[in-house]
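Here is the structure we will look at, set down as structure tokens.
The values are calculated or read from the model by the stated rules, or taken from the named source; none is laboratory data. Keep in mind the model is a prediction, meaning the values are calculated, not measured. All Cβ positions, even for glycine, are placed from backbone atoms using ideal geometry, and neighbour counts span all protein chains on display.
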Amino acid sequence: MIHKRSRKYFMNKKAAGDTLKNVLAACNKDSENINFDLLILKGIAQTNWVDTCKWIAIGFLFLILLTPVILINNNIKIESKGIATERIIIRNHQLYNDHFILELAGDDIIYNEIYARNSDGDVIFPISFDNNTGLVKFPYNNETLTIYIPDAHGHTLSVSLSAYSANDKENKE
């Protein structure tokens, strides 16, 4: 129990020791090896320790319950840095004999960092790009390309381009 005991009985040590000896003698138990002073001291110590631990536990519980109230900060502001407000969208693409054109949409695209890699790992940069129209023109030599389109938030869209003729498609199926 957390509350204090309503009544405390006080008895001097000698009377308590004599009473305990009489009870043990009535039960035909040997009381010569029992140190009554040590028993009383252990009882007091354990009672004090238990009461102390209860109050410490109550204090921790109180602190845990108050933690959300203490940590409330009304000046918290969430910034949208690192969160893409608009995705990178490929609106259109056109493949010609010697070049490939992508039409991109998105406000945060970094056009001067767009590049492609071929299957050998060689980096291929665009021939031209236009920030206003979103057109990016790559050279194309009938090989598979992986095109990387970064945005201002650290995200990168990667797109694979592989062209094949109608005869190649029929042979694969």
If we scan region 63-74, do we find a residue that is closer than 30 Å to LEU157 by Cα and either surrounded by 10 or more Cβ atoms within 10 Å (Cβ to Cβ) or modelled with pLDDT under 85 (or both)?
no
Against the condition modelled with pLDDT of 85 or more, surrounded by 14 or more Cβ atoms within 10 Å (Cβ to Cβ), hydroxyl-bearing (Ser, Thr, Tyr) and in the same structural domain as HIS93 (by TED's automatic domain parsing), how does THR146 come out, does it pass?
yes
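Answer yes or no as to whether TYR140 is within 37 Å of the chain's Cα centre (by Cα) and either modelled with pLDDT of 85 or more or of a type outside the set (Gly, Ala, Ser) (or both).
Details: within 37 Å of the chain's Cα centre (by Cα): no; either modelled with pLDDT of 85 or more or of a type outside the set (Gly, Ala, Ser) (or both): yes.
Considered against the rule, which asks whether it is within 37 Å of the chain's Cα centre (by Cα) and either modelled with pLDDT of 85 or more or of a type outside the set (Gly, Ala, Ser) (or both), TYR140 comes out as no.
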